[in-house]
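Engineer: I'd like to ask some things about the structure below.
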Amino acid sequence: MRDSEGRFFDSSSAAIIMDENNNNKRYITAEELKRHNKPEDLWISINGKVYNVTDWMKNHPGGDEPLLNLAGQDVTDAFIAFHPGSAWKYLDKFFTGFYLKDFQVSEVSKAYRELAHKFSMAGLFDKKGHGVIYSMISVVLMMSICFYGVLFCTDFWIHIVSGAVLGFSWVQVTYLGHDSGHYQIMTSRRFNKFAQILTGNCLTGISIAWWKWTHNAHHIACNSLDHDPDLQHLPFFAVSGQFFKSLTSRFYGRKLTFDPVARFLVSYQHFTYYPIMIVARLNLYFQTFLLLFSNRRVPDRALNILGILIFWTWFPLLVSYLPNWTERFLFVLISFVVTAFQHIQFTLNHFAANVYVGPPEGNDWFQKQTGGTIDISCSSWMDFLFGGLQFQLEHHLFPRLPRCQLRGISPFVQDLCKKHGLPYRSYSFFQANLKTLQTLRSAALQAHDLTIPAPKNLAWEAFNTHG
């Protein structure tokens, strides 16, 4: 038989149940829905209605990874989190004609949806404040100071300070790129795309296409060791002994081999953590080139490449105006040292949180976000420094919410977590660093321990592995 889209559907394998009160409704079970979890046959359920998004996957603005990770499941909570209310009207064209027979909503999901509705009715998703304008002004000022210091001053220390100012401008630019990727910060989608290319590609040399590809997967599969690319850092880092089994990355489509080199580097990762964070930017440049010049489908590839070329024109030229190679090296180094703060912040939000292996499940999406995130407690005057991402759980639960609203909704999220017995972790910046180092050290000791007999090693891993 065919579904409502005209596609063939094997009714012999489906548990189709006619509604006793309404013969026009047809039902399938959750088990049947799970079978439609492949790229060539991808179904999802939203609010109990079943949709065939196989053909839509390649045009999905958020990329194919979120759909692939949640294929064959009810994805209502994730859909609410990532889509505005206007997106619901586009679902009908994907409707298969089937409803989910055993569709149930957990108490946690009910509470989450009520909270999302409350925020929407209060207009919080549309109240973006003036933070974007202030950030843009600050970036222009910092870039101007940097260029003036390099081009019109000859003092060594002014050149070094200029490098630090450039690094801090990159931090703020990254927050703007992050904001524009989650919600519209400009007056139109066209201007928003321009802001993404400008802030990501032209000013920082990091492709917004690469960021969207990895970041959307991270949000959906938060802290899944084999699905979340933000935890897959072998051979340099492993946050869990599970990586010692050479897991297969479902995101990159390759095995994360735990070989002798990885074992050696992971064994000392709690010592190399901060030095690697200083040069972590080099990896982002590398990942950008790998994606843009790969065979993978990349939205706006030409624009992304053009933006990268602009960055690799102005940045080397600026550095070349410095009088000697010593100052050039120190200028770049100090700019990287400043941006290391942001790389550290990103890892603090997740490295010491709960982890798991396997794809995310739509029916515990809320729980996975609470388990996989850590907030950084700080005063409101530091919001500019952290870009709102110190409220990591709030951001993960409501990614479309402007950063200026995150502090205000935090008490509601805390109450919801307390009511349903879910973790809400908020540490000071210093405490979060300690937790992260403890996690890295624990995995490092396990890496050392791989030489001892298996039974003892398994006991050690069971004791130390978190998540």
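Engineer: Need the failing condition index for residue 304 against (1) modelled with pLDDT under 95; (2) under 20 Å from the mean Cα position of the chain (by Cα), just the number.
Structural biologist: Residue 304 satisfies every listed condition except (1).
Engineer: Further question: Any residue in region 329-344 that is in contact (Cβ under 8 Å) with a residue 40 or more places away in the chain, open to solvent by less than 10 Å² (accessible area, probe 1.4 Å) and touching a His at 6+ places or on another chain (Cβ under 9 Å)?
Structural biologist: Yes, the conditions are met somewhere in region 329-344.
Engineer: What do you reckon, is residue 462 at pLDDT below 95, in a helix (DSSP H, G or I) and open to solvent by less than 10 Å² (accessible area, probe 1.4 Å)?
Structural biologist: Taking the combined requirement at face value, the residue does not satisfy it.
Engineer: Return a yes/no flag: does region 27-47 have any residue that is touching a strand residue (DSSP E or B) at 6+ places or on another chain (Cβ under 6 Å) and open to solvent by 30 Å² or more (accessible area, probe 1.4 Å).
Structural biologist: Scanning region 27-47, I find at least one residue that is touching a strand residue (DSSP E or B) at 6+ places or on another chain (Cβ under 6 Å) and open to solvent by 30 Å² or more (accessible area, probe 1.4 Å), so the answer is yes.
Engineer: Please enumerate the residues belonging to region 215-254 that are open to solvent by 10 Å² or more (accessible area, probe 1.4 Å) and free of Cβ contacts under 8 Å to residues at least 60 places away in the same chain.
Structural biologist: 215, 232, 233, 234, 235, 236, 245, 246, 248, 252, 253, 254
Engineer: Sticking with this one: Condition test on residue 397, is it open to solvent by 10 Å² or more (accessible area, probe 1.4 Å) and either aliphatic (A, V, I, L, M) or within 17 Å of the chain's Cα centre (by Cα) (or both)?
Structural biologist: No, not satisfied.
Engineer: Could you count how many residues in region 255-274 are touching a strand residue (DSSP E or B) at 6+ places or on another chain (Cβ under 7 Å) and exposed (fewer than 13 other Cβ atoms within 10 Å of the Cβ)?
Structural biologist: So the count comes out to 1.
Engineer: Something else about it: Within region 127-161, can you find the residues that are part of a helix (DSSP H, G or I) and open to solvent by less than 50 Å² (accessible area, probe 1.4 Å)?
Structural biologist: 131, 132, 135, 138, 139, 142, 143, 146, 149, 150, 159, 160
Engineer: How many residues, within region 66-106, are within 21 Å of residue 193 (Cβ to Cβ) and either touching a Phe, Trp or Tyr at 6+ places or on another chain (Cβ under 6 Å) or open to solvent by less than 20 Å² (accessible area, probe 1.4 Å) (or both)?
Structural biologist: Residues meeting the conditions: 2.
Engineer: Is it the case that residue 120 is in contact (Cβ under 8 Å) with a residue 12 or more places away in the chain, closer than 20 Å to residue 401 by Cβ and not β-branched (Val, Ile, Thr)?
Structural biologist: yes
Engineer: What's the number of the only condition in (1) among the hydrophobic types (A, V, I, L, M, F, W, C); (2) out of contact with any Asp or Glu (no Cβ under 8 Å at 6 or more places or on another chain); (3) farther than 30 Å from residue 69 by Cβ that residue 156 fails to meet?
Structural biologist: (2)
Engineer: With the requirement that a residue be open to solvent by less than 10 Å² (accessible area, probe 1.4 Å) and over 12 Å from residue 208 (Cα atoms), what does region 278-291 give you?
Structural biologist: 281
Engineer: For a quick check of your reading of the model, give me the residue pairs whose first member lies in region 304-321 and is under 29 Å from residue 154 (Cα atoms), whose second is of a type outside the set (Asp, Glu) and surrounded by fewer than 16 Cβ atoms within 10 Å (Cβ to Cβ), with beta-carbon atoms closer than 6 Å and at least 6 apart or on different chains.
Structural biologist: 321/151
Engineer: Let me confirm something: among 435, 418, which residue is open to solvent by 10 Å² or more (accessible area, probe 1.4 Å), closer than 30 Å to residue 266 by Cβ and not in a loop (DSSP other than H, G, I, E, B)?
Structural biologist: None of the others qualify; the one that does is 435.
Engineer: Could I ask something else about it? Kindly evaluate residue 115 against the criterion of being assigned to a helix (DSSP H, G or I) and open to solvent by 30 Å² or more (accessible area, probe 1.4 Å).
Structural biologist: no
Engineer: For region 1-55, what are the residues that are of a type in the set (A, V, I, L, M, F, W, C), touching a Ser or Thr at 6+ places or on another chain (Cβ under 9 Å) and at pLDDT 50 or above?
Structural biologist: Answer for region 1-55, where residues must be of a type in the set (A, V, I, L, M, F, W, C), touching a Ser or Thr at 6+ places or on another chain (Cβ under 9 Å) and at pLDDT 50 or above: 28, 30, 33, 42, 43, 46, 50.
Engineer: Are any of the residues in region 95-110 touching a strand residue (DSSP E or B) at 6+ places or on another chain (Cβ under 6 Å), acidic (Asp, Glu) and at pLDDT 90 or above?
Structural biologist: For region 95-110, residues touching a strand residue (DSSP E or B) at 6+ places or on another chain (Cβ under 6 Å), acidic (Asp, Glu) and at pLDDT 90 or above: absent.
Engineer: Give the residues of region 370-390 that are over 14 Å from the mean Cα position of the chain (by Cα) and not polar (S, T, N, Q), sorted by residue number.
Structural biologist: Once the filter is applied, which keeps residues that are over 14 Å from the mean Cα position of the chain (by Cα) and not polar (S, T, N, Q), region 370-390 yields 371, 375, 376, 378, 381, 382, 383, 384, 385, 386, 387, 388.
Engineer: Follow-up. Determine, yes or no, whether residue 187 is in a loop (DSSP other than H, G, I, E, B), touching a residue at least 60 places away in the same chain (Cβ under 8 Å) and surrounded by fewer than 16 Cβ atoms within 10 Å (Cβ to Cβ).
Structural biologist: Spelling it out, it is not the case that residue 187 is in a loop (DSSP other than H, G, I, E, B), touching a residue at least 60 places away in the same chain (Cβ under 8 Å) and surrounded by fewer than 16 Cβ atoms within 10 Å (Cβ to Cβ).
Engineer: Continuing with the same structure: Going by what's in this entry, would residue 367 be described as open to solvent by 40 Å² or more (accessible area, probe 1.4 Å), more than 19 Å from the chain's Cα centre (by Cα) and not small (Gly, Ala, Ser)?
Structural biologist: So residue 367 does not fit the description; no.
The values are calculated or read from the model by the stated rules, or taken from the named source; none is laboratory data. Just so it is clear, the model here is predicted, and its values are computed rather than measured. With ideal geometry, Cβ positions are generated from the backbone for all residues, glycine too; neighbour counts draw on all protein chains shown. For the accessible areas, the whole protein counts, side chains as well, though only heavy atoms, and no ligand, DNA or RNA atoms are used. Shrake-Rupley method; radii C 1.70, N 1.55, O 1.52, S 1.80 Å.
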